[in-house]
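**Q** This is the structure I want to talk about, given as structure tokens.
Every read-out reported here was derived from the displayed coordinates using simple, explicitly stated rules and does not represent laboratory data. Keep in mind that what you see is a predicted model, and the values were worked out from it rather than measured. A quick note on method: Cβ atoms are made from the backbone with ideal geometry, for glycine too, and the neighbour counts reach across all protein chains shown.
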Amino acid sequence: MHWHVIDVHPVAPRTLAVQFKDGLNGTIRIDRAFCTGVFEALSDDHAVACARVEGGVVVWPGDLDLAPDTMYREIAHSPDRHYDVGSPRAALPSAARG
């Protein structure tokens, strides 16, 4: 599948570089607003940096993961190849993001 993640590594606090099987590269930032419920552990910057790839998916300890198809779609459609996970801005239609 084209959205299969092959690499992830931290590049800044709360920000990860992601590479997909088809060569698409981008970054994701885990917004603190996302870190509730099962994702509360990711409110810690160090926990975000512990991401790894398992079976084509970005995962963290505690059985946490992000949907690779959503990451791929958001990064592919972003002019700067970036996805703010959980950001209220990310919920806006792409034309409204500016």
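**Q** Grab the DSSP H runs of the chain that are 4 residues or longer, score each as -39,500 (n - 2.57), total them, divide by all residues and round the 222 nm result to the nearest 500 deg cm²/dmol.
**A** Values: 3 runs with 18 residues, N = 98.
Per the formula, -4000 deg cm²/dmol.
**Q** Using per-residue counts of other Cβ atoms within 10 Å, averaged over each peptide, order 8-19, 52-63 from highest down.
**A** Those peptides, ordered most packed to least, come out 8-19, 52-63.
**Q** Can you compute the charge dipole magnitude of the stretch 5-85 about its Cα centre, using +1 on each Lys and Arg Cβ and -1 on each Asp and Glu Cβ, nothing else charged? Give it in debye, rounded to the nearest 20.
**A** Charge dipole of the stretch 5-85: 180 debye, to the nearest 20.
**Q** Mind jotting down a quarter of the surface of the convex hull over the alpha carbons of the chain, in square nanometres, one decimal?
**A** 5.9
**Q** Starting from the amide H of L66, placed 1.01 Å from N in the peptide plane, find each other amide H under 5 Å away whose residue is 5 or more places distant or on another chain.
**A** Those qualifying (amide H under 5 Å, at least 5 residues apart or on another chain) are V58.
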